[in-house]
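Quick note: the coordinates plus some simple rules give every number you see, no bench work behind them. All values reported here derive from a predicted model rather than from experimental measurement. Heads up, the Cβs are rebuilt from the backbone with ideal geometry, glycines too, and the neighbour counts pull from every protein chain shown.
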Amino acid sequence: MADAAYDAVIIGAGHNGMALATYLAKSGWDVAVFEARGEEGGGLATEEVTRPGFLHNLHANYHTLVGVCPVYDDLNLYDHGVKYVQPPVQMGAVFGDGTALTIHTDVDKTCASLARFSQKDADTFRRLYEEAKGFLDLLIRTLMYSPPIPLLDITKALSIWRVQDKSEFLSVHLRQMSVNDFLNQHFENDRIKAMLAFHAAVGGYCTDRKGLAVSFPLLVGKIDNWHVSIGGSHNLAHALWEACAHSGGRIFLQHGVEEIIIESGRATGVRLNDGSVVTARNLVASSVDIEQTFLRLVRDGLPREFTEKVENCTHMDWSFFTVHLALREAPHYRAAEFDPEIDQAWVLNIGYESLEDLNDHWQRIRRGQIPEPRLNCAVNSLYDPMDAPDGRYTGLIRHFAPYDLATGGPEAWDELKDGFARRCIDKWAQYAPNLSAAIIDWTPHTPLDISRRMVNMVRGDWMGGIIALDNLLTERPFPELSQYRTPFQGLYMCGATQHPHGFITFAPAYNALQAIAEDFGLERWWR
Ligand SMILES: Cc1cc2nc3c(=O)[nH]c(=O)nc-3n(C[C@H](O)[C@H](O)[C@H](O)COP(=O)(O)OP(=O)(O)OC[C@H]3O[C@@H](n4cnc5c(N)ncnc54)[C@H](O)[C@@H]3O)c2cc1C
């Protein structure tokens, strides 16, 4: 393109980059987003990777902050075509003995299902759920949709408020506990514990990692808030594109950023892959990984201690192996005899029956081994009439998996992917006997494929950095970068590397906006 100038230049058209661009454009700025790929959306990718007419979400499938995230209303995303369904049977688990449990949007139904395994745990779950719901708005607004505050300050505030006297589940000790510890302290039944842990794990929380119990009550408060994006997750990307364009913003595809231009300690623009230079009158905001931003795009001018911190940032130590399926009919579970609603469950835990089953997977993954299949599955077509041809269904298998295999490194996935996909399909079919005959086609997607498609998802890291206590709040990605500002004036970070973390939260962009608004005196029109 010809050299150009904008008030703000955003790197990457994922949901965070496009949301920040739209807020700034709606504030009256002249904004452009530059995206390396041929399609906007980043992790919001929906493609016909099996057969024509079957829409598969290659990355983000579960939208868990609909209705609580302010961005949807601020940017009028529903008017721009976003549609969601909140499946009434949100999740289910099928067990080897033909039993099943189900999590519903109706908490009474969830508790009735849990009570078939343990009345005591069903009662505990109800108290935890109600307590977490009571705090949810406060937790979400102060902890997710605000720039981060130090954990120590949160702990002090909770302690002064005498949290232990007022809450059964919140405590200053959570920061020493794993999700497993929390579940073992409050629950008795293995399968209920496994199901609650499974739901945290699907959301990126490693259940045996110390400290992550701090987020668990928040996760339980929104356990029934998982939404299907009608027409595929990319529909949200398209709505963002439209919202941005309607506000006067521009999104340029296949315009990768090759360099962030720094002059006298200030970011003044970017150089694109075709050599053209785009001037940024006010700022450049990067929604991509910190290695790329500071070790490749910024060519020099950084202190050695800073670049060392970037080099030492810790990525997720597990990724996703996925199989996308085109199906003639929906899976019908043996366990439907025990609980007929299991056939309507959107997200399925197939095979995790105890916390040890999850622990075993984490340990193997850390050793670079492919574990025995235990799955998380979803059938979007149960709730999205647009995602498959009439009467047909899409299926999704996800498996927690290492990026780097002990035998052969990441490239070994290319050899192993078909065999492991078949083992995953066979596992699902053990619980849903009609599945094998229902398959029209399938295709795998490995942790290596994630990084091949999305260069910013380094080492298959779909979260923009590990979810661990020393990489959350003001420690994410490290203190000097935690407030969305960088060592260079006019250069901001606004993607998944920032607090709170990846996932379709919009929170990194929303929080970066607060920092930018403060620095440039923008009048706040948003919620
Ligand atoms: C297999 C998988 C499953 C997932 N499941 C879920 C889920 O169910 N629910 C959920 O909420 N989240 C899920 N996620 C995570 C989610 O997709 C990400 O956390 C989210 O996409 C991060 O959004 P972002 O806008 O920060 O960055 P991204 O979506 O990664 O977008 C960044 C964009 O920047 C572009 N880019 C990179 N480098 C450059 C450059 N030099 N110049 C210009 N552009 C560049 C990229 O091409 C990309 O389009 C999943 C991810 C994966 C991989």
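On full extension, the segment bounded by E518 and E329 gains 62.7 nm, given 0.36 nm per residue less the C-alpha separation. Ranked for footprinting exposure by Cβ neighbours inside 10 Å, fewest first, H173, H56, H15 give H173, H56, H15. Helix 234-246 and the long axis of the chain differ in direction by around 30°, with both axes built from C-alpha atoms. Taken about its Cα centre, the chain carries a charge dipole of roughly 500 debye when the Cβ of each Lys and Arg holds +1 and the Cβ of each Asp and Glu holds -1.
For K417, a cut-off of 19 angstrom between C-alpha atoms picks up these lysines, skipping any fewer than 8 places away in its own chain: K427.
Once the Cα-Cα distance is subtracted from the 0.36 nm per residue extended length, the Y78 to T105 segment shows a gain of 7.5 nm. Measuring r between the beta carbons of W526 and S264 and using R0 = 45 Å, the FRET efficiency lands at 0.90. For the chain, the longest principal axis of the alpha carbon atoms and the long axis of helix 15-26 meet at an angle near 50°. Extension gain, V85 to R250, is 56.4 nm, computed as 0.36 nm per intervening residue step minus the present C-alpha separation. Taking a straight Cα-Cα cut-off under 18 Å and skipping sequence neighbours fewer than 8 places away in the same chain, the aspartates and glutamates within cross-link reach of K166 are E130, E131, D137. The lysines whose alpha-carbon is closer than 19 Å to the alpha-carbon of K109, local same-chain residues fewer than 8 away aside, are K120, K133, K193, K222.
Applying 1/(1 + (r/R0)^6) with R0 = 30 Å to the Cβ-Cβ distance of M386 and Q363 gives a FRET efficiency near 0.15. Building the convex hull from the alpha-carbon atoms of region 407-505 and averaging its projection over directions returns 9.6 nm².
How much net charge surrounds W362 when only other residues with a Cβ under 13 Å from its Cβ are counted (Lys, Arg +1; Asp, Glu -1)? Combined, the nearby Lys, Arg, Asp and Glu give +1.
Against the main long axis of the alpha-carbon atoms of the chain, helix 119-139 sits at an angle near 10°. By the Kirkwood approach, averaging reciprocal distances over each pair of separate Cα atoms, region 45-166 gets a hydrodynamic radius of 18.4 Å. Residues within the reach of a label modelled at I149 (point 7 angstrom out along Cα to beta-carbon, backbone nitrogen below 19 Å), restricted to region 206-228, are 214-218. Counting every pair of alpha carbons in the chain, the share spaced more than 40 Å apart comes to 21 percent.
Across the options T446, A280, L481, the greatest Cα extent toward the positive end of the charge dipole of the chain (unit charges at beta carbon of Lys, Arg, Asp, Glu) belongs to L481.
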